[in-house]
Amino acid sequence: MVGPSFRAAGALLIGLALGGAPAAAAAEESAQEIARKSQERGALNLLDLTAELRMVTTGKDGTAKEQRMVSSARRIAGRIHSLARFTEPPGVAGVAVLTAEGEGKGPDEIALYLPKLKRVRKIVQAQRGEAFMSTDFSYADLGSQGAREDAVVRGPDAVAEGRKCFVLKGAAGEGSPYGEVTLFVDQETYVPMRVEYRDREGQLVKVFRTLKLKRFQDRTLAAEAVMENQAQGSKTTLSVLRLEASKLSDEDFTERALERG
């Protein structure tokens with residue numbers, strides 16, 4: 001799972017931490033430079049970390065469903081790999097999703113392990129707009145299906161979630177279920193504070209918002225965030241419960257490891 005950016009707009013859980021740019025230099029940065037830094041930071045930066053996460057999905061009628069998972073990320077052969085394994089409730093415990101960053105401009109590779117079937121299945125392009133584990137995140141939100149970086153333009157700066165932000169807008173990438181993505185990037189940390197997703201007809205369908213930032217070691221994380229589904233009136237809130245250094249190896253980020261549980 002990857003942090004919202006123009007390569008992976010809306011996805012959650014990985015990115016690199018870089019030093020902040022001076023204010024004057026930041027004001028002169030291009031849309032592509034800002035998009036790249038935001039991609040590297042991600043909303044929840046779990047590169048070489050392991051986090052226990054809670055997802056609470058609240059329906060239009062107010063009913064809520066909670067799920068928990070453990071997630072981590074690692075750079076292998078130059079590509080970011082992320083792994084999320086569900087622990088609660090019992091009905092989904094053991095389900096795991098492995099995402100590998102696409103090579104070049106290619107799409108990310110997403111594999112889902114279903115313990116009841118004891119097999120791994122690939123998430124094909126036609127399935128990427130489907131809901132991920134009955135939440136308001138889609139499979140496209142886990143990988144690089146945001147706006148094309150070369151199509152990004154910078155708009156007037158704005159305030160989002162109480163933070164001064166750069167505003168970037170671009171057409172969605174090939175294979176994305178979205179038509180256009182607008183990204184509000186915190187000027188201090190480059191963490192995405194708000195992401196707006198529109199369909200091919202220009203209608204707003206989903207909004208991702210970072211609700212709480214947290215400093216951990218050398219990076220700033222989205223400690224709490226929410227994906228709001230405008231079409232269905234539902235929302236999924238993501239919270240970080242625990243963080244620690246990752247003990248996983250390259251082998252743990254393979255389909256063979258998924259099948260071993």
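The values are calculated or read from the model by the stated rules, or taken from the named source; none is laboratory data. Treat the numbers as computed from the prediction; the structure is a model and nothing was measured. Positions of Cβ are backbone-derived with ideal geometry, glycine not excepted, and every protein chain shown enters the neighbour counts. Areas reflect the complete protein model, heavy atoms only, side chains present, ligands, DNA and RNA absent. Shrake-Rupley method; radii C 1.70, N 1.55, O 1.52, S 1.80 Å.
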Neighbourhood net charge (12 Å Cβ-Cβ; Lys/Arg +1, Asp/Glu -1) for LEU258: +3
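Grab the Cα-Cα distance for GLU255 and ILE76, subtract it from 0.36 nm times how many residues apart they are, and report the gain in nm with one decimal.
63.0 nm
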Euclidean distance of C-alpha centroids, region 35-61 and region 152-213, integer Å: 15
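Leaving out ligands, DNA and RNA, and with a 1.4 Å probe, what % of the accessible surface on region 53-181 is carbon or sulfur?
51
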Under 17 Å from the THR63 label point (7 Å along Cα→beta-carbon), backbone N, region 75-89: 89
Packing-based ranking, highest mean first, of 157-170, 217-230 given that Cβ atoms within 10 Å are counted: 217-230, 157-170
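For region 116-261, compute Rg over Rh where Rg is the Cα radius of gyration and Rh is the Kirkwood radius from the inverse mean 1/r over Cα pairs.
Radius of gyration over Kirkwood radius for region 116-261 works out to 0.99.
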Net dipole in debye of region 169-261 [+1 Lys, Arg Cβ; -1 Asp, Glu Cβ; about Cα centre; nearest 20]: 400
Anchor LYS164: lysines whose Cα lies under 18 Å away (excluding residues fewer than 8 positions away in-chain): LYS37, LYS212, LYS214
